[in-house]
Amino acid sequence: MPLDLDGREAEFDALAGGSVGQSFTSYNWQGRQWALPIDAATQVQAYRDDLADPAETWDDVIELAGEGGVLLPLRPPHSLMTFYTLCANLMAPCASGGGKLVDAKIGATAFDMIAELASLIDPACFDMDPIAVSERMSEEGSIIACSPFIYGYANYAIDGFRKNVLTFVDIPEAGIIGPAGSALGGTGIAVSAFSQAREAAIDFAYWIASAEIQKGIYAASGGQPAHAAAWEDETVNGATGDFYANTRATLEAAWVRPWHDGYMAFQHAASERINAGLKGGESGDVVIADLNAMFVKSLG
């Protein structure tokens, strides 16, 4: 069901105004709103402040990786998400027009950057998602100090959740535009058109996405909120080591991935193609040529 409904204009505008970055507009399709954000997320940086300072630049990441202190989630789709983030941070965001996925030169550069990092980190990263990386970083005796591009889980920033606390901050800069271009993620709540209780479901969606609930019972119950009121709340930030305040700039400047019919199949196939190229030591030019061809095909 579309959620931009007559009689809900004030609530709708309040939610739109409370969006962090493009979280709200990312659920708008062909002029209608199909979901409301309840979890705003993007790739950020996780680090152990007892082991190292956060990486500020790509060179910092490579130096720390050379010392054995970095993990990067590469299990699909996360290798592709990091590729997206790097391309956008290098001022060549993917799917920005012209039919192809990415500029061939910038795409090859981004792939080669990931390849260099992948050569320095544990190959187990190819089977690791952000939770697996966070678990490794926070376990007793871990020497992993940084994951430069990872979807953050605020639980790991809560004292006592695991043996060691993770701190989350903005992504390191690969280009010259600060922490911009991270691949937006997150979760929205939608209402099925086949629901037998549509009005109640719509009421609930608006309720759980609202400012008061997001910064109150939702966050207090372990939720990772989407509303700006929660991201700016002192209590919410205080409980999570300033997770929200410290990553806000990255979220505000995040990039929204494509959403055409055919994209989801492309996302998985492209992630697999990147990983095959990384494992096989392939040229970035060859991999990017394949990705561009695959993307054009996905458009139909």
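How do 234, 212, 282 stack up against each other in accessible area, from largest to smallest, with a 1.4 angstrom probe?
On the way: 234 160, 212 120, 282 65 Å².
Per-residue accessible area, sorted high to low, gives 234, 212, 282.
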Problem - Estimated 222 nm signal from helices in the chain, with DSSP H stretches of n ≥ 4 weighted -39500 (n - 2.57), rounded to 500 - result: -12000 deg cm²/dmol
Exercise for the section: Round to the nearest 0.05 the FRET efficiency obtained for residue 286 and residue 187 when R0 = 45 Å and r is the Cβ-Cβ distance. Expected result: 0.80
Practice task
With a 1.4 Å probe and every protein chain left in place, work out the accessible area per residue of segment 175-241 in Å², rounded to a whole number.
Solution key: 48
Completion exercise
From most to least accessible, 1.4 Å probe, no ligand or DNA/RNA atoms counted, 150, 131 line up as 131, 150
Completion exercise
Long-range amide H partners of residue 20, meaning residues 5 or more apart or on another chain whose placed amide H is closer than 5 Å, are 228
Completion exercise
Computed on Cα atoms, the radius of gyration and Dmax of segment 117-225 in angstrom are 18.3, 53
Practice task
Consider just the alpha-carbon atoms of segment 255-300 and return their Rg together with their Dmax, both in angstrom.
Solution key: 11.1, 32
Completion exercise
tail above 18 Å in the computed P(r) of segment 54-146, as % of all Cα-Cα pairs, reads 48
Problem - Label point distance in nm, residue 159-residue 135, each placed 7 Å from Cα along Cα→Cβ - result: 2.6
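How much FRET efficiency would the formula 1/(1 + (r/R0)^6) give for residue 112 and residue 67, where r is the Cβ-Cβ distance and R0 is 25 Å, rounded to 0.05? Intermediate results must be reported in sequence, preceding the final value.
On the way: r = 21 Å, r/R0 = 0.84.
E(calc), rounded to 0.05, equals 0.75.
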Practice task
Please work out the Kirkwood hydrodynamic radius for segment 9-102, using every pair of different C-alpha atoms, and report it in angstroms with one decimal place.
Solution key: 16.5
Fill in the blank from the handout: At the level of C-alpha centres, the distance separating segment 236-285 and segment 25-58, in angstrom, is 9
Fill in the blank from the handout: For the chain, the dipole about the Cα centre with charges only on Cβ (Lys and Arg +1, Asp and Glu -1), to the nearest 20 debye, works out at 940
Problem - Solvent-accessible surface ranking, highest first, for 59, 261 at 1.4 angstrom - result: 261, 59
Handout entry: Sequence-distant residues sharing a close amide H with residue 102 (under 5 Å, placed H)
Key = 95
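Before anything else, pin down the relative contact order of the chain: Cα pairs under 8 Å, at least 6 apart, normalised by residue count, whole percent.
Numbers: 566 pairs, mean separation 89.7, N = 300.
Answer for the chain is 30 percent.
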Exercise for the section: Select from 33, 128, 220 the residue farthest towards the positive end of the dipole of the chain; place +1 on Cβ of Lys and Arg, -1 on Cβ of Asp and Glu, and compute about the Cα centre. Expected result: 33
Handout entry: Heavy atoms of residue 264 accessible to a 1.4 Å probe, total area in Å² rounded to 10
Key = 130
Completion exercise
Given Cβ charges of +1 for Lys and Arg and -1 for Asp and Glu, the option among 114, 104, 64 whose Cα lies farthest towards the positive end of the dipole of segment 41-173 is 104
Completion exercise
Excluding ligands, DNA and RNA, the carbon-plus-sulfur percentage of the accessible area of segment 84-167 with a 1.4 Å probe reads 54
Exercise for the section: Enumerate the whole-percent occupancy of each 10 Å bin, from 0 to the last occupied one, for all C-alpha pair distances of segment 15-54. Expected result: 26, 35, 18, 16, 5
Handout entry: All-pairs alpha carbon distance profile, segment 182-272, 10 Å steps from 0, percent
Key = 14, 33, 31, 21, 1
Problem - Linear extension gain, residue 294 paired with residue 119, 0.36 nm per residue minus alpha-carbon span - result: 60.4 nm
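Multiplying the sequence separation of residue 51 and residue 207 by 0.36 nm and subtracting their Cα-Cα distance, what value in nm do you get?
Working: separation 156, 0.36 × 156 = 56.16 nm, distance 4.11 nm.
Roughly 52.0 nm would be gained on extension.
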Handout entry: Placed amide H near residue 38: partners under 5 Å, 5+ positions off or other chain
Key = 187, 188, 189
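Tell me the Kirkwood hydrodynamic radius of the chain in angstroms, computed as one over the mean inverse distance between distinct C-alpha pairs. List each step's numbers first, then the result.
On the way: mean 1/r = 0.0502 Å⁻¹.
For the chain, the Kirkwood estimate is 19.9 Å.
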Practice task
May I ask you to give the solvent-accessible area per residue for segment 98-166, in square angstrom, as obtained with a 1.4 angstrom probe?
Solution key: 43
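Once neighbouring chains are kept in place and the probe is 1.4 Å, which whole percent of the accessible area of segment 174-300 is contributed by carbon and sulfur?
Details: 3510 of 6090 Å².
Summing carbon and sulfur atoms, their accessible area is 58 percent of the total for segment 174-300.
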Handout entry: Solvent-accessible surface (1.4 angstrom probe) belonging to residue 34, in square angstrom, nearest 10
Key = 100
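The values are calculated or read from the model by the stated rules, or taken from the named source; none is laboratory data. Quantities reported herein were computed from a predicted structural model and do not represent experimental measurements. Counting neighbours? That spans all protein chains shown, and the Cβs are built from the backbone with ideal geometry, glycine included. With ligands, DNA and RNA removed, areas are computed over all heavy atoms of the protein, side chains included. Shrake-Rupley method; radii C 1.70, N 1.55, O 1.52, S 1.80 Å.
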